[in-house]
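Coordinate-derived values only; no laboratory data. Model, not experiment: these values are computed from the prediction. Quick reminder, even Gly has a Cβ in these numbers, built from the backbone with ideal geometry, and neighbours come from all protein chains shown.
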Amino acid sequence: MMIAAHRLTRVALVPIAALCLTLAPRAAGAQQRENPTALLVLVRSLPPGAGVVVQRGQAPGRNLILVTDSTSVGDVAAALAVLTNSRQRHGESPDSPLVSRIPPGQPAPGAQAAADISRELERLRSANPRQVEGIGRVRAIVIPLQPLTREENR
């Protein structure tokens with residue numbers, strides 16, 4: 001019976017896990033296509049009605065997730081879902097820049113995903129400020145994303 005319960009838990013978490021951060025260590029020379037990333041950026045404010053903003057540029061790897069101090073774990077999980085969907089639809093390098101505004105108050109993900117996202121938000125809040133093109137000097141960290149399958153990649 002314990003095995004069946006474990007399988008149910010794994011099946012229930014698969015959709016959430018697909019949206020979560022891949023926290024495995026990365027090889028220094030890994031290619032962008034194999035190890036996609038996003039830049040999680042702490043900004044002072046977002047447009048009215050936005051809890052988080054996802055920006056995608058035409059250059060490979062130009063994925064930004066803009067958050068504020070009040071952004072929730074659920075909001076970040078929703079942003080990761082939007083980013084995953086955008087990458088599946090448009091590939092790693094969209095034909096034109098894309099911006100998605102996610103309203104605040106999104107539901108929290110499962111326990112493991114929430115813990116992973118909380119850890120990344122804490123890491124972001126303690127990061128040293130750095131220059132981010134188009135935004136300015138802000139706290140920002142690189143977060144790994146799940147690679148797309150071959151069919152999803154363009």
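Tabulated results
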{"read-out": "Sorted by Cβ neighbour density within 10 Å, fewest at the top, the residues V142, V41", "value": "V142, V41"}
{"read-out": "Estimated FRET transfer efficiency when R0 is 22 angstrom, pair R89-Q58 (beta carbons, to 0.05)", "value": "0.90"}
{"read-out": "Rg over Rh, two decimals, the range 93-154 (C-alpha only, Kirkwood Rh)", "value": "1.01"}
{"read-out": "Volume per residue that the Cα convex hull of the range 47-143 spans, once the total is divided by residue count, Å³", "value": "102"}
